[in-house]
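Okay, so here's the structure we're looking at.
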Amino acid sequence: MSGTARHDADASPRTDAGGCPLPHHDREVVTLAHGGGGALTRDLIETVFLPALGNPVLLRREDAGIVEIASEVARGGRLAVSTDCHVVQPLVFPGGSIGELAVHGTVNDLVMVGAAPRFLTAGFVIEEGLPITMLSGLVARMGAAARAAGVAVVAGDTKVVERGRGDGLAIVTTGIGIVPGGIALGAAGVRAGDAVIVSGTLGDHGMAVMSVRESLGFEADLVSDSAPLHELVAALLAACPATRMLRDPTRGGLAAALNEIATAARVGIEIDEAALPVRPVVAAACEMLGLDPLTVANEGKVVAVVPAESAADALATLRAHPLGRAAVRIGRVVPDHPGVVSLATRVGGGRIVPLPIGADLPRIC
Amino acid sequence: MCLAMPGRVESVRDEAGVRMGRIDFGGVVRDVCLACVPDITVGEWALVHVGFALGRIDETAARETLRALAAIGGLAEPTHDDPDRGPADGVEP
Amino acid sequence: MSLVAPFRDEGTARRLLAEIARTVTRPWRIMEVCGGQTHALVRSGIDRLLPPGIEMLHGPGCPVCVTPVETIDRALAIARRREVTFCSFGDMLRVPGTDGDLLGVKARGGDVRMVASPLDALDLAARLPDREVVFFAIGFETTAPATAIAARLTRSRGVRNLSFLVAHVLVPPALQAIVRSAGTRVDAFLAAGHVCSVTGWHRYRDLATRFGVPIVIAGFEPVDLLEAIRRAVVQLEAGRHEAENAYPRAVSETGNALAQEAIAEVFEPCDREWRGIGTIPASGWRFTAAYRDIDAVTRFPAPALPSARLTVCRSGEVLVGALRPDACPAFGRECTPRTPLGATMVSGEGACAAYWHAGRARP
C-alpha cells in the first residue's frame, strides 16, 4: 500500500509563528526522535513498553536478558528457538491485533515442535506518525497475550522509520522454549495410514482481516482465531505421546501446511472435503471473493498427524479444550503420490490441493 | 468468468439517484448496486456480480429444476434432494 | 428454500453422472466457454468423473487469459505513472505483460489497488481528488453492465479524475471463431450462464442452427454443470442441435433490459485481439464517442508499444480446444504455474493450470 497511513492524526503545527520548525517534543505521535536512543527513546520505553511487557528480567534494563534454563536442560530438555515477523494491515481487526499475533505466532511455532514456550524477545519497527496511544494499546495487548501464554518478554528493541517506510508498526519476535526429554516430533515419524486431524474451523483469521481491509469491505461476523496453543498441544501430547508431527496452518492455510508435511515426510495425503470444518459465514466470504478456505491463514489452529489407533483419543482430548471444540479428522497419510495432497470432493470427484503460489488474490472470474 | 452469487435482499434505498441495497450472502452483508433491478424488494434473491445485481433468482424456476432433476435416474420420489427441505447454505463442520 | 445447497448435492450429482454414462454411446467433445465453469468442474472433480467418452474442452472464457499483451502493457505503463492510482480486479494482477505484471509495478512503488467493483474506483476517485484514478475494465458481458453504470455515474456526477481502461469481450463471436477454427472439433457448447443473465439466451438459438451444434446454457454448481452436460449429450446422441436453457432460475429468454440499455448507451462493438487467438471482428466493446473522454487510452495517450510475441506459448491453440495443455512442448518444462509463459498457466482457471494440478497425482 502506498503511504496513506490511516493513523495520520497529527494535528499540532510543525512550525511556529515565524515559520521555524518546532522541536520534536511532540507527545502525541511517535517521531524519528523517539528512535534516536536518547531521552525520548527512554521515555517511550518507560511509559509504553515496560508497563505493558515488564517482568523481573526486562525490568533490570540491561542490554541482554539472562534466563535460567539449566534445570530443565538437566532433565533432558532441549532448547527450541523460533522467530516470526509480524506485519498486518489493519493493525487491529476483529478478534485481535498485531500485538496478539506477535505473541501467538511465535509461541505456536515453538509449540509445534513440542516445546513449552518460555521467553520472547520483541523488536518494534515503528512508522513515524503512529499515535502513541495506539502504540500503547497494541503493546498492552501484546503484554496481556504474553502473560496469558506464560511467556516473558526478556529483551526488546525499538526503531522508528520515516513516514511511508513502514506499515504503521512491524513486530519481530524470537521465541525460546524447552522441548521436554522424550518428545521428538517431526516428519520422520509419519507413516502411511496415519490420521490427519485439524483442531478447529479453517480460514477464520485471514477472512477476518480481509473483511476490514478497505475496498473489499463487507460486514460479517468474522473473527480472528488468534490464540496460544501451548495448553491444547500439551494436553494432546500427554494423551497421545505417539503423535507424529504438528504444524500450524498460518500463511497459505491448511493447503500450505499439508503440502509441507507431505513433502517433508515424503508421503501422500488424502483429505475429504466434506470433513473440512469451515464456518458458514467464512465459506460465504471466501466464495464471494473467489478464495479457497484451504489457502486462508489461521492463527489459532493446529494440524496433527497421529497414528490411526490414536485418532479417537486425540480428537476427544482436543474437543475437551475450548480451543479444540471443533476438532475433526480430515484425512489420512497414504503411500501413493508422495509429496502431493489430494482431496475427495463433496460430489465424489477428486482434485489436487497444490502448494499455494504466493498470496491468493480475490477474483471476479 | 463471472463469479456471481445469489444473496437475499435485506434493505433497499436510493443514494444520489442510484438504487442501492444491502444484500445478505449467507452471513456476509454487502452494499450492492440495484440499478439493473430497481424494483427488487426485501426478501427476494438477487444474482450479484462485482457489486451489481444482474437479475433476480427465480425461486419457482429453481424448484422446477430440482423437481425435474429428482426424476432423473429412475427415483420415484425425491429423497434428501427435496427442495422444500434443503440443508442450510454453506458448509457445516 | 435453499438456492445453493441442492445444486451441490452429492446424490443428485451421482445420479446425473450415471445417467450421462447410460446415454453416451460415442465419444463427444464438449466445450465450456466460461472460465468460472472450468474452475467449478476442476474444483468439484467432475471433469475426472465423466465417462471416458466425454472430453471436456476448456474454452477461452477467461478474460484473464484472453486479454492481449498490448493491453496489459498499456495497463502497466499507466500504472507506472506517478499521478495514477490504478484499480484492478485481483484476477489481473499477476498476468504477465512484455515486461512484468501489475503486482511488480506495485512492488516498485506504483499505486496499484485491488478492488472488487468499479464502484470502488468511483469511491476512490472521490476520496483522492488529487490522484488520477484508472479502472481496468475487463470481463465478458457479465461485467460490462457494471462498467457501463460506473461510467454513467462518472459522467453524471462530473467526476474528473476517473477513467477506464476498457478490455471487455463478447462470447458469441468467440464461439464463432472456435467453430470456424481449423483443427478444432467441438461437438457441443456449454454457454456461460451469467453472461446470459445479462444478454438473455435467445440469440443462441440462431447460433446453434448456424453452427450445427447443441448449445446448453449452464450454471456453475456441480449439479448445474452435470445437468447441462447431460442435456448436451442427449442432443448429440439424437443428432439434434438446438439451444436450451439449463439454468432457468438465473437466465431468462431476453435477459436484463436495464443492463443491456446501460451497455448500449456507453459501449459500441469493436474488433478485439484475443491473446493467443488473434483478432476476432466485433468481439469487444469500446466507449462510444460520448464517453471517449473517460477512456484511459484517450487520457493517457501512449505510443504503440512494441509488445513481445511469445512464440513459445501456444495458449491460443489451447483456448480454442485445438491443443491439449499436456501436449504443449513447454508444458511442465519452461511453463509451470510458478514460471508461466502465458495466461492459461497463470490464471487459476486457465486450462493449462488446471491440467498441471490435476496431473500431479498421476504416476
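For segment A:188-204, check the following and say yes or no: at least one residue is part of a loop (DSSP other than H, G, I, E, B), at pLDDT below 95 and either of a type outside the set (Ser, Thr, Tyr) or in contact with a helix residue (DSSP H, G or I) (Cβ under 9 Å, 6 or more places away or on another chain) (or both).
For segment A:188-204, residues part of a loop (DSSP other than H, G, I, E, B), at pLDDT below 95 and either of a type outside the set (Ser, Thr, Tyr) or in contact with a helix residue (DSSP H, G or I) (Cβ under 9 Å, 6 or more places away or on another chain) (or both): absent.
Being part of a strand (DSSP E or B) and among the β-branched types (Val, Ile, Thr), is that true of even one residue in segment C:112-123?
yes
Please go through segment A:263-321 and pick out each residue that is within 14 Å of chain B (Cβ to nearest Cβ), surrounded by fewer than 24 Cβ atoms within 10 Å (Cβ to Cβ) and over 17 Å from residue A:346 (Cα atoms).
Answer for segment A:263-321, where residues must be within 14 Å of chain B (Cβ to nearest Cβ), surrounded by fewer than 24 Cβ atoms within 10 Å (Cβ to Cβ) and over 17 Å from residue A:346 (Cα atoms): A:281, A:288, A:289, A:290, A:291, A:315, A:319.
Does any residue in segment C:262-282 that is assigned to a helix (DSSP H, G or I) come within less than 9 Å, Cβ to Cβ, of a residue that is acidic (Asp, Glu) six or more places away or on a different chain, and which pairs are these?
C:263/C:141
Just to be sure I understand, how many residues within segment C:223-250 are among the hydrophobic types (A, V, I, L, M, F, W, C), crowded, with 18+ Cβ neighbours inside 10 Å and touching a helix residue (DSSP H, G or I) at 6+ places or on another chain (Cβ under 7 Å)?
8
Quick check on my filter: what residues within segment C:119-141 are within 30 Å of residue C:175 (Cβ to Cβ) and modelled with pLDDT of 95 or more?
Those that are within 30 Å of residue C:175 (Cβ to Cβ) and modelled with pLDDT of 95 or more: C:135, C:136, C:137.
List pairs: first in segment C:83-102 and free of Cβ contacts under 8 Å to residues at least 24 places away in the same chain, second crowded, with 24+ Cβ neighbours inside 10 Å and of a type in the set (Val, Ile, Thr), Cβ under 8 Å, 6+ apart or cross-chain?
C:93/C:112
Can you tell me which of C:153, C:175, C:103, C:119 is within 12 Å of chain B (Cβ to nearest Cβ) and out of contact with any Asp or Glu (no Cβ under 9 Å at 6 or more places or on another chain)?
Matching residue, one of C:153, C:175, C:103, C:119: C:153.
Looking at segment A:205-218 only, could you name the residues that are modelled with pLDDT under 90 and either closer than 30 Å to residue A:71 by Cβ or in a helix (DSSP H, G or I) (or both)?
A:210, A:211
Step by step: first the residues of segment A:141-157, then only those that are in contact with a Gly (Cβ under 6 Å, 6 or more places away or on another chain) and not acidic (Asp, Glu), then the one that is surrounded by the most Cβ atoms within 10 Å (Cβ to Cβ). Which residue is that?
Among those that are in contact with a Gly (Cβ under 6 Å, 6 or more places away or on another chain) and not acidic (Asp, Glu), it is A:142.
Looking at segment A:311-365 only, could you name the residues that are in a loop (DSSP other than H, G, I, E, B), touching a Pro at 6+ places or on another chain (Cβ under 7 Å) and assigned by TED's automatic domain parsing to the domain that holds residue A:204?
Once the filter is applied, which keeps residues that are in a loop (DSSP other than H, G, I, E, B), touching a Pro at 6+ places or on another chain (Cβ under 7 Å) and assigned by TED's automatic domain parsing to the domain that holds residue A:204, segment A:311-365 yields A:326, A:347.
Quick check: is even one residue across segment C:334-351 modelled with pLDDT of 80 or more, surrounded by 16 or more Cβ atoms within 10 Å (Cβ to Cβ), touching a helix residue (DSSP H, G or I) at 6+ places or on another chain (Cβ under 8 Å) and among the small types (Gly, Ala, Ser)?
Within segment C:334-351, one or more residues are modelled with pLDDT of 80 or more, surrounded by 16 or more Cβ atoms within 10 Å (Cβ to Cβ), touching a helix residue (DSSP H, G or I) at 6+ places or on another chain (Cβ under 8 Å) and among the small types (Gly, Ala, Ser).
Being away from chain B (no Cβ under 14 Å) and closer than 23 Å to residue C:83 by Cβ is the requirement here; does residue C:163 meet it?
For residue C:163, the condition - away from chain B (no Cβ under 14 Å) and closer than 23 Å to residue C:83 by Cβ - is met.
Which of the residues that make up segment C:201-233 are among the small types (Gly, Ala, Ser) and in contact (Cβ under 8 Å) with a residue 60 or more places away in the chain?
The answer is C:218, C:219, C:232.
Would you pick out the residues in segment C:1-16 that are within 7 Å of chain B (Cβ to nearest Cβ), in contact with a Lys or Arg (Cβ under 8 Å, 6 or more places away or on another chain) and either buried (at least 17 other Cβ atoms within 10 Å of the Cβ) or touching a residue at least 40 places away in the same chain (Cβ under 8 Å) (or both)?
Once the filter is applied, which keeps residues that are within 7 Å of chain B (Cβ to nearest Cβ), in contact with a Lys or Arg (Cβ under 8 Å, 6 or more places away or on another chain) and either buried (at least 17 other Cβ atoms within 10 Å of the Cβ) or touching a residue at least 40 places away in the same chain (Cβ under 8 Å) (or both), segment C:1-16 yields C:3, C:16.
Name the single residue that is surrounded by the fewest Cβ atoms within 10 Å (Cβ to Cβ) among those in segment C:251-301 being within 14 Å of another protein chain (Cβ to nearest Cβ) and of a type in the set (Val, Ile, Thr).
The qualifying residue surrounded by the fewest Cβ atoms within 10 Å (Cβ to Cβ) is C:254.
State yes or no: is residue A:160 away from chain B (no Cβ under 14 Å), outside any helix (DSSP H, G or I), crowded, with 21+ Cβ neighbours inside 10 Å and on the phi < 0 side of the Ramachandran plot?
yes
Before we move on, is residue A:344 over 21 Å from residue A:187 (Cα atoms), more than 9 Å from every other protein chain (Cβ to nearest Cβ) and aliphatic (A, V, I, L, M)?
no
Return only the number of the condition from (1) under 25 Å from residue A:295 (Cα atoms); (2) of a type in the set (Asp, Glu); (3) not in a loop (DSSP other than H, G, I, E, B) that residue A:221 does not satisfy.
Here residue A:221 meets the rest and fails (3).
Which of the strands (runs of 3 or more DSSP E) contained wholly in segment B:18-74 include at least 2 residues that are on the phi > 0 side of the Ramachandran plot and at the interface with chain C (Cβ under 9 Å from one of its Cβ atoms)?
Strands (runs of 3 or more DSSP E) meeting the threshold: none at all.
Can you confirm whether segment A:177-186 contains a residue that is surrounded by fewer than 23 Cβ atoms within 10 Å (Cβ to Cβ), small (Gly, Ala, Ser) and at positive phi?
yes
I need the full set of residues from segment C:40-55 which are in contact (Cβ under 8 Å) with a residue 40 or more places away in the chain and either in contact with a Ser or Thr (Cβ under 7 Å, 6 or more places away or on another chain) or surrounded by 24 or more Cβ atoms within 10 Å (Cβ to Cβ) (or both), in order please.
Scanning segment C:40-55 gives C:41, C:42, C:44, C:46.
I'd like the full set of residues that are farther than 15 Å from residue B:69 by Cβ and charged (D, E, K, R), limited to segment C:245-260.
C:253
Each row is one residue, and each column tells you yes or no for (1) within 22 Å of residue C:186 (Cβ to Cβ); (2) assigned to a strand (DSSP E or B); (3) in contact with an Asp or Glu (Cβ under 7 Å, 6 or more places away or on another chain); (4) charged (D, E, K, R).
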position: C:14; (1), (2), (3), (4): no, no, no, yes
position: C:18; (1), (2), (3), (4): no, no, no, no
position: C:37; (1), (2), (3), (4): yes, no, no, no
position: C:42; (1), (2), (3), (4): yes, no, no, no
position: C:51; (1), (2), (3), (4): yes, no, no, no
position: C:64; (1), (2), (3), (4): yes, no, yes, no
position: C:75; (1), (2), (3), (4): no, no, no, no
position: C:78; (1), (2), (3), (4): no, no, no, no
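Any chance you could count how many residues in segment C:146-190 are in a strand (DSSP E or B) and farther than 20 Å from residue C:201 by Cα?
Final tally of qualifying residues: 6.
Mind checking whether some residue in segment C:21-35 is within 27 Å of residue B:5 (Cα to Cα), part of a helix (DSSP H, G or I) and in contact with a strand residue (DSSP E or B) (Cβ under 8 Å, 6 or more places away or on another chain)?
yes
The values are calculated or read from the model by the stated rules, or taken from the named source; none is laboratory data. As the structure is a prediction and not an experimental result, all values here were calculated from the model. Using ideal geometry, Cβ is built from the backbone for each residue, glycine included, and neighbour counts are taken over all protein chains shown.
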